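First up is the structure itself, then whatever we jot down about it.
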């Protein structure tokens, strides 16, 4: 199965709950050789951002999965022009208080915790106002966080080295015993 087909199936199964999911699921993703207008510096910044969200521990981190390039390609192929603008403004905003790439890992983590709180507050205001009809703009960090998780856990690294993966699942076992700390299944 091709990765693109798998991602379409995942998008359909999750109800297109991800920003940009509709364009992706309805096949508006070009089939030509992947190309995007993100620079190598942008992709490196996305890799570092993703590595801050999913750092390498006893399992691989987001950078090892090539999350930055996937994010750049997904934004190019699946986001509307308005969503792309929000994402790019957010990428530039990471440098508002200094060069994001020059920050220490701890400073990056603190910055992303603050951005996550800001994004949750924005989402909460929308819900309280009763205007959650999809017409409000998403926070750029919500987009970045969603793409980080999506791209990491659908990558080969995330599916095989972090989650449990069986290429061809076996029989159904409705009484499989659960052991504390066991990773979730990727299949």
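The values are calculated or read from the model by the stated rules, or taken from the named source; none is laboratory data. What you see is a predicted model, and the numbers here were worked out from it, not measured in a lab. Note that each Cβ is placed from the backbone with ideal geometry, even for glycine, and that neighbours are counted across all protein chains shown.
Scanning for something in a helix (DSSP H, G or I), touching a helix residue (DSSP H, G or I) at 6+ places or on another chain (Cβ under 6 Å) and modelled with pLDDT of 95 or more, does the range 118-130 turn up at least one residue?
Checking the range 118-130: not a single residue is in a helix (DSSP H, G or I), touching a helix residue (DSSP H, G or I) at 6+ places or on another chain (Cβ under 6 Å) and modelled with pLDDT of 95 or more.
Taking the range 98-109, which residues are part of a helix (DSSP H, G or I) and exposed (fewer than 12 other Cβ atoms within 10 Å of the Cβ)?
Of everything in the range 98-109, those that are part of a helix (DSSP H, G or I) and exposed (fewer than 12 other Cβ atoms within 10 Å of the Cβ) turn out to be 102, 105, 106.
Output yes when any residue across the range 80-97 is at pLDDT below 95, over 18 Å from residue 138 (Cα atoms) and surrounded by fewer than 13 Cβ atoms within 10 Å (Cβ to Cβ), and no when none is.
Yes; the residues of the range 80-97 include at least one that is at pLDDT below 95, over 18 Å from residue 138 (Cα atoms) and surrounded by fewer than 13 Cβ atoms within 10 Å (Cβ to Cβ).
Give the residue that is modelled with the highest pLDDT, with candidates limited to residues of the range 163-187 that are within 18 Å of residue 149 (Cβ to Cβ) and either over 23 Å from the mean Cα position of the chain (by Cα) or surrounded by 10 or more Cβ atoms within 10 Å (Cβ to Cβ) (or both).
163
Scan the range 54-70 and tell me whether some residue there is within 18 Å of residue 146 (Cα to Cα), in contact (Cβ under 8 Å) with a residue 60 or more places away in the chain, within 14 Å of the chain's Cα centre (by Cα) and part of a helix (DSSP H, G or I).
yes
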